[in-house]
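Read-outs throughout are calculated quantities, based only on the coordinates presented, and are distinct from any laboratory measurement. The structure presented is a predicted model; accordingly, all values stated were derived computationally and were not measured. Cβ placement follows ideal geometry from the backbone for every residue including glycine, while neighbour counts extend to all protein chains displayed.
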Amino acid sequence: MKRYIVGPTLMVCLVLMVGLAFAADSLTVQVQTTKLRKDAKFWAPVLATLKAGDKVTLDRAQGDWVFVSTSAGQSGWLHNSAVTTKDIQLSDSGGTLQAGASTDEITLAGKGFTKEVEDEYGKTRGVSFKAVEAMSAYRVSDQEIEAFLKAGKLADWGVSR
Amino acid sequence: MKTPITQTVTLILLALGVITLGWGCKAASIATDIAAESGVISEEERDSANRTIEAFRKSAEEMTEEEEYYIGRAVAADIISRYGVVQNRSVTEYLNRVGKAVSLTSSRPEIYNDYHFAILDSDEINAFAAPGGFVFITRGMLKLVPNEEALSMVLGHEIAHVANRHGLEAINKNRLLEAFAVLGNEAGKTLDREEVVKLTKLYEGAVGDIVKTLIESGYSRSQEKDADHQGCEFAANLGYEAGAMLEFLGAMDKAAAGGGGMFETHPPAQDRIATLRPIVKSLGDRGTESSARTTRFQKAMASL
């Protein structure tokens, strides 16, 4: 008897999973900043810069990249590690949250182990974040990366043995 | 005794609950509510199921990118206070270019505040990665690295630890649950002074758990195996020759006699070579040749 139940049940579950996967066409940027690019690669031209909490609409996926459109009407590619299907609520002032949202689907950015806790930790434990700030401040630009890859014959500029 | 139809409904609802964990817990709670209302499960069972769903949601996996970053900053501050950072702009710039390039072909190229790389002022042979993308390599380790290929694999290994959130998994689970309990689930809730103090103590404990794992106890063998595998894969995706990691581990094996550092927290180099050999073979000969890479590596390291 059991096998007559398990088969249809798995089928229903599969249909539900597929349905849910296609239901989410709204994505939220989950990293501090990310770049909307013309092609699905990191060295492609930048069309716009998006920030944490920005919402985009998913059009299609290709490998690890998603083609999206922004609220400003621009379309381009984002790497899927920069976005989440969860709704991120951010405040526009001082890292505290706007009231209103209260469902479990919301990622409570600006709350938890954040700047407020770090400040308290630094103060009570006498920990300095100066060296960490200096480390964070150094960034490799898109131009530097492209020149580095080209000169080293890496990525798209590689020559197979 | 449950009928076959009831069992089917229960299975579907259970599947729905599991599926929706990745989409937030509200839908899972709705599923259990429906199950309770239709009599498939009791009110008591419903509450128990919802508590379990809540517990799943409150795992390290569910920490936000921002929280990961702020925990990583404190771990990085601790590591820097122990070792100090080498202030050598040309080597640091070169290190950041290699690391950033490898991160782009990793499984998690975009993290909250990007990857950052620094050299620790120590002759010990070691490398660490704090959550949030803070990657450290000691001067001793850099001196042992023979070329850009091997450097890309070493950095790839550390990037894999970050990408897989291995650091966060080192946090005591009860500590994490306690922290999430303080935070609650209300977006509009503002923490009072007592809650901030409590949360700070839990934050300090979480940072301590990670630092202890990085410096004393090390990650599990399975985590290290994954990091070795993925580190080679990320670098090979970019065009580096994966076989370079085997050669480098051979050099590590010879240096192991000195003990300390990485040799206390990682599996023996010979074991890593044996595990990696078939993986390197499966990655194939994707590498590309470039004398420019050799030149720039030697130029950068000359000033170390």
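Quick notes on this structure:
- Rounded to 5, the percent of DSSP beta bridges in the range B:94-143 classed as antiparallel: 45 percent
- Pairwise centroid distance, computed over Cα atoms, of the range B:161-221 with the range B:223-274, Å: 29 Å
- The residue B:222 and residue A:72 beta-carbon pair, evaluated with R₀ = 45 Å, returns a calculated FRET efficiency of approximately 0.50.
- Each of B:289, A:120 was scored by other Cβ atoms within 10 Å of its Cβ. Arranged with the fewest first, they read B:289, A:120.
- Note, ³J(HN,Hα) from phi for the range B:229-234, Karplus 6.51, -1.76, 1.60, rounded to Hz, x at Gly and Pro: 4, 5, x, 5, 5, 4
- Estimated vicinal HN-Hα couplings, Hz - the range A:136-148 in sequence order (Karplus 6.51, -1.76, 1.60; Gly, Pro = x): 5, 5, 7, 10, 8, 6, 4, 5, 4, 5, 4, 5, 5
- Inter-label distance for residue B:193 and residue B:121, nm, one decimal - labels placed 7 Å from Cα along Cα-to-Cβ: 3.9 nm
- Residue B:91 sits among other residues whose Cβ lies under 14 Å from its own Cβ, and their net charge, with Lys and Arg +1 and Asp and Glu -1, is +3.
- Gyration tensor (alpha-carbon) shape descriptor, the range A:23-87, a/c threshold 1.5: rounded
- Residues whose amide H falls under 5 Å from that of residue B:85, counting only those 5 or more places apart or on a different chain, are B:121, with hydrogens built in the peptide plane.
- Residue (of A:62, A:85, A:40) at the positive-pole extreme of the range A:23-87, dipole from beta-carbon charges: A:40
- Violating pairs (Cα-Cα greater than 26 angstrom) within the set A:38/A:153; A:150/B:254; A:51/B:299: A:150/B:254; A:51/B:299
- Part-to-part distance (alpha-carbon centres) for the range A:27-72 and the range B:280-304, which is given in Å: 32 Å
- DSSP-defined beta bridges in the range B:102-217 - what % are antiparallel, rounded to 5: 45 percent
- Contour minus Cα-Cα distance for residue A:39 and residue A:125 (0.36 nm per residue): 26.3 nm
- Simple spin-label estimate for residue B:304 and residue B:289 gives 2.5 nm between the two label positions (7 Å along the Cα-to-Cβ direction from each Cα).
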